[in-house]
Structure formats: C-alpha cells, structure tokens
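Okay, handing you the structure first.
The values are calculated or read from the model by the stated rules, or taken from the named source; none is laboratory data. On a predicted model such as this, the values are computed, not experimentally measured, just so you know. Here the Cβ positions follow ideal geometry from the backbone for every residue, glycine too, while neighbour counts run over all protein chains shown.
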Amino acid sequence: MTQLDLETLKSALKALIVKECDKDIDPASIGDDVQLIGGALELDSLDALQISLAVKDRYDVRIEGGNEGRTALATVNSLAQFIINARTTTEATG
C-alpha cells in the first residue's frame, strides 16, 4: 500500500461522504472537525454504514461498530487518522 497524505485523504473523504450520503454540497465546505453523524450535515446511522462500506472498498479498512465506529466517524479528521493508523498497522504486520 502507498503512503497516504493526510490532506489528500481528507479531501478524498469529504468527496466520498458527499457522494455516498447523496448530499448536494461542495465537499470542500465540510470542515475537518465538523461532527459527521448527527451534526450540521444531518448524517444518520444509514449514512454511517454507507461511509463505512465505502471506506472498506476504497481503503481496505474495516470500521467496527460500537465505540470504535463512533470515534472513527466523529469528524473527517478522526476518520482520516483512523484510516492512516489502520493501514500503518496492516503494513507493519503484513
């Protein structure tokens, strides 16, 4: 796997969120620390599932339910860091 650049990843994740959650907004308008689920974007549990499936497909990173999922899907920053950490761990052990 290639090394992910944090800023590039965050931009890609914003675009992924807009596409997967069928939002009619500019991805760049999503702040890095804006609450994703239940926040101003009005994302719900179905949106969280859509994002999780897309992250699995695109980045080969699985987001588990419970606290791990809530933490990972809190903001774009937390989601990007979760993906980077998971891929770094996979590369180190794989």
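From the list T71, T75, exactly one residue is hydroxyl-bearing (S, T, Y), in contact with an Asp or Glu (Cβ under 6 Å, 6 or more places away or on another chain) and under 17 Å from Q35 (Cα atoms). Which is it?
Going through T71, T75 in turn, the sole match is T75.
Does any residue of region 74-84 turn out to be assigned to a loop (DSSP other than H, G, I, E, B), more than 11 Å from the chain's Cα centre (by Cα) and in contact (Cβ under 8 Å) with a residue 12 or more places away in the chain?
Pass one, region 74-84, residues assigned to a loop (DSSP other than H, G, I, E, B): 74-75.
Then keep just the ones that are more than 11 Å from the chain's Cα centre (by Cα); that gives none.
No.
So which of V61, V55, V18 ends up being of a type outside the set (G, A, S), in contact (Cβ under 8 Å) with a residue 12 or more places away in the chain, assigned to a helix (DSSP H, G or I) and under 18 Å from A86 (Cα atoms)?
Details: V61 fails: assigned to a helix (DSSP H, G or I); V18 fails: under 18 Å from A86 (Cα atoms).
Within the list V61, V55, V18, the selection yields V55.
To continue, here is another question. Determine whether D47 is modelled with pLDDT under 95 and not aliphatic (A, V, I, L, M).
Spelling it out, it is not the case that D47 is modelled with pLDDT under 95 and not aliphatic (A, V, I, L, M).
Considering (1) part of a loop (DSSP other than H, G, I, E, B); (2) over 13 Å from V55 (Cβ atoms), say which one E7 fails and leave the rest.
Evaluating E7 over (1) part of a loop (DSSP other than H, G, I, E, B); (2) over 13 Å from V55 (Cβ atoms) leaves (1) as the failure.
Turning to a different aspect of this structure: Return the residue satisfying two criteria in turn: it lies in region 63-94 and is loosely packed, with under 12 Cβ neighbours inside 10 Å and not aliphatic (A, V, I, L, M), and of such residues it is modelled with the lowest pLDDT.
Looking at the filtered set, the residue picked out is G94.
Sticking with this one: Just checking, how many residues over region 43-59 are touching a helix residue (DSSP H, G or I) at 6+ places or on another chain (Cβ under 8 Å), closer than 21 Å to D5 by Cβ and surrounded by fewer than 19 Cβ atoms within 10 Å (Cβ to Cβ)?
Qualifying residue count, region 43-59: 2.
From the list L73, L43, L36, which one is in contact with a strand residue (DSSP E or B) (Cβ under 6 Å, 6 or more places away or on another chain) and more than 24 Å from T89 (Cβ to Cβ)?
Result of the check over L73, L43, L36: L43.
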